[in-house]
Amino acid sequence: MKPSTYKKNSRIIVYDADLIQQPGAHLFAAEAWESSGSVVGQAPGRSSALFLETGFGPAVLRHYFRGGWAAHLSRDRYVYTGLERSRPIAEFHMLARLYKMGLPVPQPLAAQCLREGLFYSGDLMTRRLLDVIPLADLPDILQNDPAMWIATGACIRHFHDHGLVHADLNARNILVGSENTVYLIDFDRAQIRPGARNLFEANLKRLQRSLRKILDPGQLEQGWKYLQRGYKEARHQPGPLQ
Ligand SMILES: Nc1ncnc2c1ncn2[C@@H]1O[C@H](COP(=O)(O)OP(=O)(O)O)[C@@H](O)[C@H]1O
Ligand SMILES: [Mg+2]
């Protein structure tokens with residue numbers, strides 16, 4: 001990975017120069033990707049992520065949209081308090097750090113921060129994980145498969161051992177591939193806080209709440225015990241605390 005910066009007027013792009021030779025506004029122009037027939041799918045969600053086939057491989061493009069009450073003020077503009085603090089650039093760097101540590105996350109490709117006066121809007125492009133399904137879409141498997149729960153618990157523990165606190169660990173931000181490979185995504189507002197046990201606990205509680213929407217209480221209680229077992233028994237080398 002070779003993180004590099006491109007600046008033009010009020011547009012700042014951070015990108016991996018090993019993969020992207022021509023950075024620019026076109027990377028984040030959803031309509032242009034569509035009109036060239038490069039959009040091969042879409043994921044539902046606040047930001048509605050686009051799945052792209054690009055010259056540098058499969059990618060996911062996501063625009064940052066506000067949620068909750070703030071969405072009434074502005075759909076996609078945030079107050080600018082510095083480049084590194086902007087959501088897309090912070091998420092790009094966080095992903096790069098986790099990816100380098102060998103954690104199961106998508107490789108970051110590019111992020112853009114577009115300034116407009118006191119505000120900015122932003123976008124993020126990551127390598128698309130292929131053949132994965134959000135945990136939230138696997139209720140039938142969760143009802144019958146302790147191994148998936150155990151793998152999920154072990155994956156979350158792996159991140160916590162590296163100090164990662166996820167800001168919204170719900171069952172749509174956990175993607176499962178074949179043979180129970182488990183990935184975490186969506187590191188918007190995530191932090192590195194080694195040993196922050198109460199925050200790690202809050203991550204697990206958040207996930208438990210989101211699973212209540214897809215499983216009945218008995219199924220969840222039973223599965224959750226396996227998840228806790230996976231979490232407790234996972235053996236990882238704690239990573240460098242950078
Ligand atoms: N790198 C990726 N590979 C495959 N699917 C992805 C990837 N990134 C996001 N997705 C899909 O897009 C959805 C939304 O992305 P996410 O980063 O969670 O944004 P948000 O929750 O803000 O909408 C995810 O739930 C997932 O289904
Ligand atoms: Mg998400």
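Observations on the model:
- If the condition is being modelled with pLDDT of 95 or more, of a type in the set (D, E) and away from ligand 1 (no atom under 16 Å from the Cβ), then region 169-207 contributes only E201.
- Single unsatisfied condition, D186 versus (1) touching a residue at least 40 places away in the same chain (Cβ under 8 Å); (2) outside the structural domain of L98 (by TED's automatic domain parsing): (1)
- Positions within region 132-181 being within 15 Å of ligand 2 (Cβ to nearest atom) and among the β-branched types (V, I, T), in sequence order: V132, I133, I174, V176
- Within region 42-63, considering residues that are away from ligand 2 (no atom under 16 Å from the Cβ) and outside any loop (DSSP other than H, G, I, E, B), the one nearest to A171 (Cα to Cα): A59
- Within region 132-173, the residues that satisfy the criterion of being in contact with a Pro (Cβ under 7 Å, 6 or more places away or on another chain) and within 20 Å of K213 (Cβ to Cβ) are A171, R172.
For every residue, the table says whether it meets (1) surrounded by 11 or more Cβ atoms within 10 Å (Cβ to Cβ); (2) closer than 12 Å to H160 by Cα; (3) free of Cβ contacts under 8 Å to residues at least 60 places away in the same chain; (4) under 20 Å from the mean Cα position of the chain (by Cα).
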{"site": "V182", "(1), (2), (3), (4)": "yes, no, no, yes"}
{"site": "I192", "(1), (2), (3), (4)": "yes, yes, no, yes"}
{"site": "N203", "(1), (2), (3), (4)": "yes, yes, yes, yes"}
{"site": "L207", "(1), (2), (3), (4)": "yes, no, yes, yes"}
{"site": "L211", "(1), (2), (3), (4)": "yes, no, no, yes"}
{"site": "I214", "(1), (2), (3), (4)": "yes, no, no, no"}
{"site": "L227", "(1), (2), (3), (4)": "yes, no, no, no"}
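- Residues being under 22 Å from L129 (Cα atoms) and either touching a helix residue (DSSP H, G or I) at 6+ places or on another chain (Cβ under 6 Å) or part of a strand (DSSP E or B) (or both) - total across region 2-25: 4
- Subset of region 5-51 [under 23 Å from Y120 (Cβ atoms), within 12 Å of ligand 1 (Cβ to nearest atom) and touching a residue at least 24 places away in the same chain (Cβ under 8 Å)]: G45
- Yes/no for R157 being assigned to a loop (DSSP other than H, G, I, E, B), within 29 Å of A111 (Cα to Cα), outside the structural domain of L95 (by TED's automatic domain parsing) and touching a residue at least 40 places away in the same chain (Cβ under 8 Å): no
- Matching entry among G122, G102 (being under 27 Å from G57 (Cα atoms) and surrounded by fewer than 19 Cβ atoms within 10 Å (Cβ to Cβ)): G102
The values are calculated or read from the model by the stated rules, or taken from the named source; none is laboratory data. In this text, all values refer to a predicted model and were calculated from it rather than measured experimentally. For neighbour counting, all protein chains shown are included, and Cβ atoms are generated from backbone atoms with ideal geometry for every residue, glycine included.
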